[in-house]
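Read-outs: derived from the displayed coordinates by stated rules, not from any lab. Just so it is clear, the model here is predicted, and its values are computed rather than measured. Quick reminder, even Gly has a Cβ in these numbers, built from the backbone with ideal geometry, and neighbours come from all protein chains shown.
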Amino acid sequence: MPSSNPTIVIFGASGDLTRRKLVPALYNLYQKHRLPTDFRIVGYARSDMTSEVFRSAMREAVIEFATLDEPTWASFASRLYYVCGQYDDPAGFENLRTILARLEPEGAGRLYYLSTPPKLYATIVQCLGTAQMTGEKQSWRRVVIEKPFGQDLASAQELNRSVHTVLDEKQIYRIDHYLGKETVQNLLVFRFANAIFEPIWNRNYISNVQITAAESVDVAHRAGYYDGVGVLRDMFQNHLMQLLALTSMEPPASFDADALRNEKVKVFAAIRPYTTEEVAYRTVRGQYRTYRDAEGVAPRSETPTYAALQISIDNWRWQGVPFYLRSGKALQAKTTEIVIRFKRPPHMMFPIPAEDKLRSNYLAICVQPDEGIHLRFEAKQPDTAAGMRSVDMEFHYDEAFGPRAIPEAYERLLLDALNGDAALFTRADEIELSWRLMDSVLRGWESPQAAPLAFYESGSWGPDEADKLLARDNHHWTQGCSHTPTTP
Ligand code: BG6
């Protein structure tokens with residue numbers, strides 16, 4: 001249970017994230033009795049409205065994105081307040097400070113949640129500092145910063161530098177909602193609470209690792225934000241790199257935030273940034289054909305809506321094992337999965353035709369939508385001499401834990417931030433190393449040697465070039481979480 005009768009201050013309270021995710025998640029936590037009995041939520045934004053109007057907007061949000069129970073809502077709503085103010089105006093922050101002092105009991109902890117456009121993050125932190133709202137003499141003060149954290153390495157470094165003038169790193173919680181997903185956290189349990197996988201989790205047994213975050217939606221109404229940002233900044237720098245880190249890092253000594261993050265940092269440090277030549281043959285960037293027709297997209301936009309990268313981790317465990325990462329919009333299906341492809345058996349003792357090579361086993365970690373884990377292996381086809389077929393051993397969350405067992409990612413993250421547990425939040429050095437790699441790709445794509453943007457049809461699995469990226473290494477993309485077998 002979070003300590004110190006906390007106040008949650010949401011900057012950007014009139015925005016979409018507050019409505020869709022933050023308030024419904026806080027409401028769910030309240031309903032599950034996970035929040036302390038004494039807490040309050042104060043929304044802060046530029047829109048002029050009263051606390052009453054804010055409450056009724058949030059009620060609509062809970063109806064839409066959670067399940068409203070009237071008595072629970074009434075008691076939750078009585079803890080909601082709204083303060084109108086500018087993000088760069090010291091007077092607004094003075095006003096907020098006065099109101100908080102009136103609402104809070106002595107010694108209340110405070111979580112500031114920055115859910116505003118990213119260009120305001122540094123300004124808000126500076127204003128909090130000027131208004132002396134970040135000192136921890138009376139109780140804890142923490143700041144949650146939404147993504148994107150920077151646009152490239154230089155801007156991320158600058159943002160880190162700026163927030164560090166006001167806050168200690170320990171007060172900063174950089175959010176990546178993928179780390180709030182149950183299946184992503186389960187990667188740690190799967191790898192480190194079971195003894196049977198660790199011995200084979202290395203270059204001796206694994207041939208390649210594939211991480212896919214495919215989305216069927218296109219950028220449609222988000223074009224204004226997306227154009228010029230693109231898939232690398234939107235999905236790779238944060239979500240895919242986190243999946244890569246949890247899949248490949250060494251076992252941390254404990255679940256302590258720094259022990260865990262130190263291991264992630266070591267793995268990122270073991271990935272060399274690409275040279276321009278490498279970008280040309282180890283990465284693919286694509287755009288779905290109708291992207292440029294969308295409102296808000298530049299007519300000749302080069303923004304990639306799809307990318308595939310081949311990443312090498314230069315350490316003892318992973319030397320020679322390619323990690324293939326891909327993500328895109330307007331693809332055939334929404335699926336996020338990590339597929340560990342094992343090596344083929346070294347010798348064929350069965351009398352099968354030479355052209356029928358033995359298939360390799362794989363393990364698929366299904367992050368979403370059908371959360372679970374599948375293990376693909378060969379079985380003898382009954383009533384044949386030595387016929388074989390690939391079969392699956394499957395674990396599904398809904399079968400094992402019941403339907404709706406998986407909470408929204410933001411619930412875990414908000415609770416952890418309130419509890420002061422930063423394990424599922426990204427540290428300054430982690431963010432910067434991840435940007436270092438992304439910068440090298442972006443530089444390569446801008447260079448004259450870059451391969452041209454590859455176009456793909458909406459509803460496909462991306463450009464052919466992405467298949468060629470793996471074919472060159474004698475591999476192919478595997479959809480390990482679909483119900484229909486896709487062997488070989
Ligand atoms: C966000 C990206 O961070 O993640 C979006 O900005 C993307 O473009 C979303 O759609 C995907 O999240 P999820 O949880 O639906 O996989």
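Remark: relative contact order (region 261-388) = 16 percent; criterion is Cα-Cα distance under 8 angstrom and separation of 6 or more residues. With the cut-off at under 18 Å, measuring from each backbone N in region 26-67 to a point 7 Å along the Cα-to-Cβ line of Ala220 picks out 65. Each of Phe65, Val143, Tyr281 was scored by the projection of its Cα onto the charge dipole of the chain, and the greatest displacement toward the positive side belongs to Tyr281; charges sit on the C-beta of Lys, Arg, Asp and Glu. Here the relative contact order of the chain, from alpha carbon pairs under 8 Å that lie six or more residues apart, stands at 18 percent.
Report note on the peptides 326-338, 404-416: ranked by the mean count of other C-beta atoms within 10 Å, highest first, their order is 326-338, 404-416.
Values of log10 I(q)/I(0) for region 319-450 across q = 0.21, 0.22 Å⁻¹ run -1.33, -1.35, by the Debye formula with one identical scatterer at each alpha carbon and no solvent. Based on the alpha-carbon gyration tensor of region 93-211 and its eigenvalue square roots a ≥ b ≥ c, which shape applies: rounded if a/c is under 1.5, prolate if not and a/b is larger than b/c, or oblate? Here region 93-211 falls in the prolate category.
Take the Cβ atoms of Ser78 and Phe455, set R0 to 51 Å, and the FRET efficiency comes out at 0.40. Starting from the Cα gyration tensor of region 28-110, take the square roots of the eigenvalues, sort them a ≥ b ≥ c, and report rounded, prolate or oblate (rounded when a/c is under 1.5, otherwise prolate if a/b is larger than b/c, else oblate). Here region 28-110 falls in the oblate category.
A cut-off under 11 angstrom between Cβ atoms defines the neighbours of Gly180, and their net charge, with Lys, Arg +1 and Asp, Glu -1, is -2.
Counting only DSSP beta bridges with both residues in the chain, the antiparallel share comes to about 55 percent. In the chain, the longest principal axis of the Cα atoms and the axis of helix 153-164 are about 30 degrees apart.
For the pair region 1-43 and region 100-124, the centres of their Cα atoms are 12 angstrom apart. Across q = 0.12, 0.14, 0.15, 0.17 Å⁻¹, region 223-324 modelled as identical point scatterers on its alpha-carbon atoms has Debye log10 I(q)/I(0) values of -0.52, -0.66, -0.73, -0.85, in the order of the q list. Using the Karplus relation 6.51 cos²θ - 1.76 cosθ + 1.60 with θ = phi - 60°, the per-residue 3J(HN,Hα) values for region 123-131 come to 4, 5, 4, 4, 5, 4, x, 4, 7 Hz, with x marking Gly and Pro. Which shape class applies to region 385-435: rounded if a/c is under 1.5, otherwise prolate when a/b exceeds b/c and oblate if not, where a ≥ b ≥ c are the square roots of the Cα gyration tensor eigenvalues? Oblate, since a/c reaches 1.5 and b/c is not below a/b. Segment Arg97..Ala405, full-extension length gain: 107.0 nm, with 0.36 nm per residue of separation and the alpha-carbon distance subtracted.
The calculated FRET efficiency for Val53 paired with Thr123, based on their beta-carbon distance and R0 = 35 Å, is about 0.85. A Förster radius of 35 Å combined with the Cβ-Cβ distance from His33 to Lys266 puts the calculated FRET efficiency at roughly 0.35. A straight chain from Asn202 to Glu136 at 0.36 nm per residue would run longer than the Cα-Cα distance by 19.3 nm. Between region 409-458 and region 330-372, the C-alpha centres lie 27 angstrom from each other. Listed by Cβ neighbour count within 10 Å, with the fewest neighbours leading, His164, His177 appear as His164, His177. Each Lys and Arg adds +1 at its Cβ and each Asp and Glu adds -1 at its Cβ; summed about the Cα centre, region 15-114 shows a dipole of about 280 debye.
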